[in-house]
Structures are given as structure tokens and as C-alpha cells.
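Student: My questions all concern the structure below.
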Amino acid sequence: MTKKVAMFIDGESIISESNQWLDVTDPASQEAICQVPMATEAEMERAIASAKKAFETWKDVPVTKRARMMLQYQHLLKKHHDELAEILAEETGKNFEDAKGDVWRGIEVAEHAANMPSMMMGETVENVANKVDTYSLIQPLGVCAGITPFNFPAMIPLWMFPMAVVCGNTFVLKPSEQDPNTPMRLAELFYEAGFPRDVLQVVHGGKDQVNQILNHDDIEAISFVGSVPVGEHIYKTGTDNLKRVQAFAGAKNHMVVMPDANKNQVINNIAGSACGAAGQRCMAISVAVLVGETKDWIPQIKEKMAEMKPGHWKNPESFYGPLISPQAKARVEALIAQGEKEGATLELDGRGLEVEGFPNGNWLGPSLFTNVTTDMEIYKTEIFGPVLCIMTADTLEEAIELINNNPYGNGTSLFTSSGAAARKFQHDIKVGQVGINIPIPVPLPFFSFTGWKVGWTCAPSATSTC
Ligand code: NAD
């Protein structure tokens, strides 16, 4: 019988009484891994009530003690790094290096969270009026909730609950229903590190369970990471209910290439950042803007992309894994078909690719379009697959204008050897995270992750510095 995933509610590991269960399958084979429940209303209520009760005592635990538990958690995460990466690779299909990277980026957050005492220092001004001093305190809010996507099942939950909990909040985590085993193991290690079990509750579900969180009076703040439509819904409903909400959503990231850039570096970085993790990264490069004569580099870019072979996570030769589900694969394939129909040139077609030994995997080979225009669906929509659109521009100014007119603003990068071009780009571009000669400018946890425009909305919360 297929394993049923538990939930961690009110200090207990429980098997849901729900009559709605989803299958979680290995994306490389479609074999069943487990079943995940859509928590019942009563189970959700119990989790939130337990987190609320836990807050009354947790907020008074000295911050130094909370930070020491976080140090222990960081130690356990490092000790179980490979084990976590294996669980993650099995349920996402990511290659082992990417899976380890996903876990590692989360470990860095736990490390950062262990520094919380100094980050919680307030401010004081002496003698603001005659013999009157004023000070401000940083205090926890109460019950916070996190709703996370499938594509980083270790890093993104770890962006959220360690920071919230170490500040003295309690937390309800609703991870992606597509890969629940990684966050469950993260929670087990969290309890093992000494955190009281009711400080972190883990529930499973989808739309209905998220709506219960959004409309619940006892939830003070919400962190969301996922797609644009869901992010908008969460931001609007959460803030309508006067909650603090941060919502990080989808992306369309452009890489601009100047003629003075290092050609080999550009070609390697374009191919790697477009295909890595099967393009299922909010910071993936999905549009390359070739300025001036760099349009002549297209044959080499195509050749390099064709070398990026997908495969099973246990095979060290696999550059990337399958897409998360047959539905995700069908969606990306439909977008490729639409790109062709709309007149773009499909230079590389990844459809129909087979991986030996895994005939049922959600494989898609690297795909490359040229002659892409801004009115095409492949340009307007986040594809979330190993698909690159190449566009051209005559000048840096033209490239900047193109990007600034795009509704997304998560990340972007420029490849150049000119300091002046780099300065102009980073100053004029209306995108939140900018890389110069770095394709994927993801910040370390002591900086905010801060996209702009569609895909990033924020009302200050207890779990971020935005
Ligand atoms: P998704 O929006 O489908 O799901 C995210 C979460 O929302 C899941 O927990 C899911 O259960 C829940 N959800 C789904 N539909 C819902 C609904 N109608 N109402 C309420 N909740 C709902 O996203 P996904 O496919 O899991 O993840 C991929 C997306 O996440 C991409 O768009 C990607 O760009 C984005 N992402 C963004 C960042 C970032 O930091 N900006 C990072 C990683 C991923």
C-alpha cells in the first residue's frame, strides 16, 4: 500500500482523516512515492489553535535560547545534508548536485537565523524631550504561515519558518502538495534540535486549506512563494484581511549580452542558466538579448544547449532532471507548439526526448527559439521549462527598454567587460535582482530576496526585512 504522508499538528504526528488524497509520483518514472492529504477544516483549525497557544509561552523563551536551538538545527541539517538531498531528488527529479544545493541554500538561512539576537536589537534615543527617553522594541507577531512551491522544497520552507520561529513567532507551514516529504523531514529535524513541537505545525493541502489560512483571524502574517495568479490571490485576500503578506511569484528573466563580453563565459552561462533544474527556477534565464554582433553567437549557444542532457538523479552525467509532472510537461510542450505557430523559429526542439531506462519520465530536452517578438505567448508567459528565447537589440539602451517594458521583474543579468555599461544597466534597469557577469543573481540570506513588478509584492512581515 502507498505510504500516507503524516501532518505535524499540536505536537503529534497524525494521519489525516481527509477523504481527499493526492498521489505523489516519481517524476522520472511515475511510480507512486506516497499520498498526500488535503487536510480537513477541523485539522487546519486544530493546527492554528495549537500554534496560537504555543505562542503564549514561546515568545517568552529568551532569544539566546531560541538561537542556540537554531545552531543545533543548522548542525542537524548539515549532518543530514545528503539524506535530505536524496529525499528531495527522488520526489522532484533534480540531479543530486542541484538537490544538495537546494538543501544547502536552506542551511544558510538556518545559519543566518542563529544570529537573530543582534538583528532583534531595537533603537533608543535619549532625551527626546526634557528627561524623556524613547526606545523601540522588535517583538514577535504571533502565528505566521508559509505557503511554498514545488521547485525548492528544502530552501523555500527554510526561508520561512527558521526566521519566524527564532524571532518568537509560531508557524504553520503548508508545503507544496507535489513534494511533501522533504519539508516533513525538515520538520522532524527541527523537533530533534529541541524546538517544542507545537511551535511549528505542518499541514497539507491546496486551495481550500490556503484559503482557510488567509481568512483565519489568528494568522498574523503570511509568506508565499509560487505562481503569479496564486500570489496575487494570496496578497489581495491576506491584506484585505489586514494581515502582513509577502508574496514572491513568477518570473521572466533576461540576460543581456554585450559584444565586449567573454564569449565562452556567455555561452556556458546562457545554456546552464536556461536548462539547469529543467528551467524550473524562478531565477532561470528564459530570454537572452544579444546586442549588436553577438547575434552571430547563436550557433554556438545552440550547440552548447544541445549538450545539456537530462537524466535520472542517480546518474552523475544528468545535467538536469524531468519536469515535475506530466501536466507541467504538457503545458511547456503546448507553449513550444504555440511559439512555432506564432512564427518564432524553433532552433532546438526538446519534445519527444527519451531517457534510457525511464520511458515514462517527464523529460523535455533543451529547446531554443530565435526570431521571438514581444507579442508572442512564449515571451509573455513564464514557461518554467528548459526553453530559451533569443532576442536581439542594437544597443544596450534598447535592451534595457525591452526589459523595463516586460511586466516581470524578478532577476536579470548583463554580460560585459565595460564598467560604464555595468553601472548604467544596474542603475537604469527596473528589475529587483541584477547580476553583472553572473547569470542567476540570487542573494545570500543576509540580503532580502527582492524581485520587482509582477511577481513580488510585500507588506512588511515578521519573517522578512522587506
Ligand atoms: P503554485 O502557485 O501552483 O503553488 C504554490 C503554492 O500555492 C502551493 O503550496 C499550492 O498548494 C498553493 N496553491 C496552488 N493553487 C492555489 C490556489 N488556487 N489558491 C491557494 N493556494 C494555491 O506554484 P508552483 O507551481 O508550486 O511553483 C512554481 C512557481 O513558483 C513559478 O511561477 C515560480 O516562478 C515561482 N517561484 C517563485 C520564486 C520567487 O522567489 N519569486 C521562487 C520559487 C518559485
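Where a number appears in this text, it was derived from the coordinates with a stated rule and is not lab data. Keep in mind the model is a prediction, meaning the values are calculated, not measured. Cβ sites come from the backbone with ideal geometry, for glycine too, and all protein chains shown count toward neighbours.
Student: Taking a ≥ b ≥ c as the square roots of the Cα gyration tensor eigenvalues, with a/c under 1.5 meaning rounded and otherwise prolate when a/b beats b/c, else oblate, which class fits the stretch 219-327? Write down the numbers at each step before the final one.
Tutor: Details: a/c = 3.60, a/b = 1.74, b/c = 2.07.
It comes out oblate by the Cα gyration axes.
Student: For the chain, find the longest principal axis of its Cα atoms and tell me its angle to the long axis of helix 155-166, 0 to 90°, nearest 10.
Tutor: Once rounded, one gets 20 degrees.
Student: How far is helix 419-428 tilted, in degrees, relative to the longest principal axis of the Cα atoms in the chain, given as a value from 0 to 90 rounded to the nearest 10?
Tutor: 60 degrees
Student: Now for a different question. Working out 0.36 nm times the residue gap between ASP82 and LEU353, then minus their Cα-Cα distance, what length gain in nm do you get to one decimal? The partial results should precede the final answer.
Tutor: On the way: separation 271, 0.36 × 271 = 97.56 nm, distance 2.94 nm.
So the chain would gain 94.6 nm between ASP82 and LEU353.
Student: Would you mind ranking GLU56, GLU232 by Cβ crowding within 10 Å, fewest neighbours first?
Tutor: Placing the least packed residue first, the sequence is GLU56, GLU232.
Student: State whether the stretch 259-395 is rounded, prolate or oblate according to the following rule on the C-alpha gyration tensor (a ≥ b ≥ c being the square roots of its eigenvalues): a/c under 1.5 gives rounded; otherwise a/b larger than b/c gives prolate, and the remaining case gives oblate.
Tutor: oblate
Student: What's the angle, to the nearest 10 degrees (0 to 90), between helix 228-240's Cα axis and the longest principal axis of the chain?
Tutor: 30 degrees
Student: If the chain between LYS131 and ASN264 were fully stretched, how many nm would it gain, using 0.36 nm times the residue separation less the Cα-Cα distance?
Tutor: Full extension from LYS131 to ASN264 adds 41.3 nm.
Student: Counting each DSSP H run of 4 or more residues in the chain as -39500 (n - 2.57), what helix-only mean residue ellipticity at 222 nm follows after dividing by all residues, to the nearest 500 deg cm²/dmol?
Tutor: Helix contribution divided over all residues of the chain: -11500 deg cm²/dmol.
Student: Would the chain count as rounded, prolate or oblate if I go by the C-alpha gyration tensor, calling it rounded below 1.5 in a/c and otherwise prolate when a/b exceeds b/c, oblate otherwise?
Tutor: oblate
Student: Let me ask you something else. Might you report the magnitude of the Cβ-based charge dipole of the chain about its Cα centre, with Lys and Arg at +1 and Asp and Glu at -1, to the nearest 20 debye?
Tutor: Approximately 780 debye in magnitude.
Student: Next up: Once the other residues with Cβ under 15 Å from the Cβ of VAL61 are scored (Lys, Arg +1; Asp, Glu -1), what is the net sum?
Tutor: Numbers: positive: LYS53, LYS59, LYS65, ARG66, ARG68, ARG197; negative: GLU56, ASP60, ASP198.
That works out to +3.
Student: Determine the gain in length on full extension of the stretch ASN215-ILE138; use 0.36 nm per residue of separation and subtract their C-alpha separation, reporting nm with one decimal.
Tutor: 25.1 nm
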